[in-house]
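The values are calculated or read from the model by the stated rules, or taken from the named source; none is laboratory data. What you see is a predicted model; the values in this text were computed from it and never measured. Positions of Cβ are backbone-derived with ideal geometry, glycine not excepted, and every protein chain shown enters the neighbour counts. Protein only, heavy atoms only, side chains kept; ligands, DNA and RNA dropped before computing areas. Shrake-Rupley method; radii C 1.70, N 1.55, O 1.52, S 1.80 Å.
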Amino acid sequence: MNFEETDQGTHVVLTPEGKFNLVAAPPLKARIDDLVAEGKARLIVDLHAVDFIDSSGLGALIGGLKAARQQGGDLRIAAAGAQVKAVLKLTNLDRILAPYETVEEALHDW
Amino acid sequence: MTGDGATERKDYVLEGFAVPEQLDAVHTLLAEAAGDHPELDPMDVMLFETAVIEIANNVVEYGRPEGEVRWKFTIRVREDEIEAELDDTGQTFTPAQGKGMPGEDAEGGRGLPLAEAVLDKIEFDRLGDTNHWRMVRRLGQTPPI
């Protein structure tokens with residue numbers, strides 16, 4: 001899986017596509033860790049092009065969220081599809097990774 | 001048409017190595033089964049796929065010897081349920097079933113609990129030198145989400 005990255009100055013948007021699974025999760029998590037280490041700790045993961053997530057993908061998002069918050073930032077997710085929303089709810093992760101409908105909404109107070 | 005005996009029941013089968021590159025083939029197998037059964041609720045298919053992939057992931061990640069484990073998936077769509085059987089040649093082990101969902105901060109440990117949450121039956125047996133999983137989701141129920 002490839003992912004696009006857009007640095008908007010105040011935040012960085014990462015846009016994975018396809019299956020966010022045990023193959024795709026480690027490189028995305030590694031990139032998030034690099035960004036946070038560079039001081040870019042306000043991150044949006046735009047999920048509009050992800051059609052399937054597994055527990056590895058969830059782990060990468062949680063790991064990224066923790067890393068970003070430790071540096072005073074945050075990781076937010078936007079534009080999740082039906083399967084991603086279902087899995088977030090089933091794992092109770094929607095409580096700490098509330099899915100925003102759009103990237104613009106996710107930016108509301110940044 | 002009563003449908004009794006009129007519906008051809010087909011097994012959807014995939015055999016190969018339990019390696020990350022083969023996970024797409026598992027998705028494709030499930031898509032083939034779903035494509036032949038347009039009566040299936042997309043939510044049932046989606047949640048069943050989620051569970052099957054989690055169990056497949058476990059075999060890919062923990063099956064030993066790494067890269068040499070072979071697996072066989074068999075998917076069956078019935079009137080009231082969808083079933084997957086997974087046999088693999090990995091080492092014997094005892095799955096940690098029934099442990100519940102880990103806490104919000106955990107970065108791992110959600111695979112089997114997630115599968116258990118969306119399946120009506122999940123059974124594991126060691127049959128000879130093969131691990132055998134049987135996963136069933138009943139169809140047409142109110143989704144648990």
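List of remarks:
- Residue check, B:GLU49 modelled with pLDDT of 95 or more, closer than 16 Å to B:ALA115 by Cα and away from chain A (no Cβ under 12 Å): no
- Residue within the stretch B:109-126 that is assigned to a strand (DSSP E or B) and hydrophobic (A, V, I, L, M, F, W, C) present: yes
- Residue within the stretch B:33-43 that is under 30 Å from A:ALA30 (Cβ atoms), touching a helix residue (DSSP H, G or I) at 6+ places or on another chain (Cβ under 8 Å) and surrounded by 13 or more Cβ atoms within 10 Å (Cβ to Cβ) present: no
- Test for B:VAL77: is it closer than 13 Å to B:HIS132 by Cα, open to solvent by less than 20 Å² (accessible area, probe 1.4 Å) and modelled with pLDDT of 95 or more: no
- Filter result (within 11 Å of chain A (Cβ to nearest Cβ) and in contact with a helix residue (DSSP H, G or I) (Cβ under 7 Å, 6 or more places away or on another chain)) within the stretch B:12-26: B:VAL19, B:PRO20, B:LEU23, B:VAL26
Residues checked against (1) outside any loop (DSSP other than H, G, I, E, B); (2) modelled with pLDDT of 95 or more; (3) crowded, with 21+ Cβ neighbours inside 10 Å:
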{"position": "A:THR10", "(1), (2), (3)": "no, yes, no"}
{"position": "A:LEU14", "(1), (2), (3)": "yes, yes, no"}
{"position": "A:GLY18", "(1), (2), (3)": "yes, yes, no"}
{"position": "A:PRO27", "(1), (2), (3)": "yes, yes, no"}
{"position": "A:ALA67", "(1), (2), (3)": "yes, yes, no"}
{"position": "A:ALA80", "(1), (2), (3)": "no, yes, yes"}
{"position": "A:ASP94", "(1), (2), (3)": "yes, yes, no"}
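- Some residue of the stretch A:43-52 being over 15 Å from A:THR10 (Cα atoms), within 14 Å of another protein chain (Cβ to nearest Cβ) and within 12 Å of the chain's Cα centre (by Cα): yes
- Residue count for the stretch A:69-78, restricted to those that are buried (at least 21 other Cβ atoms within 10 Å of the Cβ) and in a helix (DSSP H, G or I): 0
- When the residues of the stretch B:81-115 are filtered to those that are touching a residue at least 60 places away in the same chain (Cβ under 8 Å) and over 20 Å from B:VAL13 (Cα atoms), the one that is farthest from the chain's Cα centre (by Cα) is B:LEU114.
- Where A:PHE52 falls short, out of the listed (1) in a loop (DSSP other than H, G, I, E, B); (2) open to solvent by less than 20 Å² (accessible area, probe 1.4 Å): (1)
- Search result, residues across the stretch A:96-110 that are among the β-branched types (Val, Ile, Thr) and surrounded by 20 or more Cβ atoms within 10 Å (Cβ to Cβ): A:VAL103
- Hey, A:LEU58 within 14 Å of chain B (Cβ to nearest Cβ) and surrounded by 20 or more Cβ atoms within 10 Å (Cβ to Cβ) or not: yes
- Every condition in (1) open to solvent by less than 60 Å² (accessible area, probe 1.4 Å); (2) away from chain A (no Cβ under 14 Å); (3) within 13 Å of the chain's Cα centre (by Cα); (4) closer than 14 Å to B:LEU23 by Cα holds for B:LYS72 except the one numbered (1).
- Any pair with Cβ under 6 angstrom, 6 or more apart, that starts in the stretch A:1-14 at a residue that is within 15 Å of A:ILE77 (Cβ to Cβ) and ends at one that is of a type in the set (D, E, K, R) and assigned to a strand (DSSP E or B): A:HIS11/A:ARG42; A:VAL13/A:ASP46; A:LEU14/A:GLU5
- Under the condition of being more than 8 Å from every other protein chain (Cβ to nearest Cβ), of a type in the set (A, V, I, L, M, F, W, C) and more than 20 Å from B:LYS72 (Cα to Cα), the residues counted in the stretch B:94-145 number 2.
- B:GLY67 surrounded by fewer than 14 Cβ atoms within 10 Å (Cβ to Cβ), within 21 Å of A:ALA25 (Cβ to Cβ) and in contact (Cβ under 8 Å) with a residue 40 or more places away in the chain: yes
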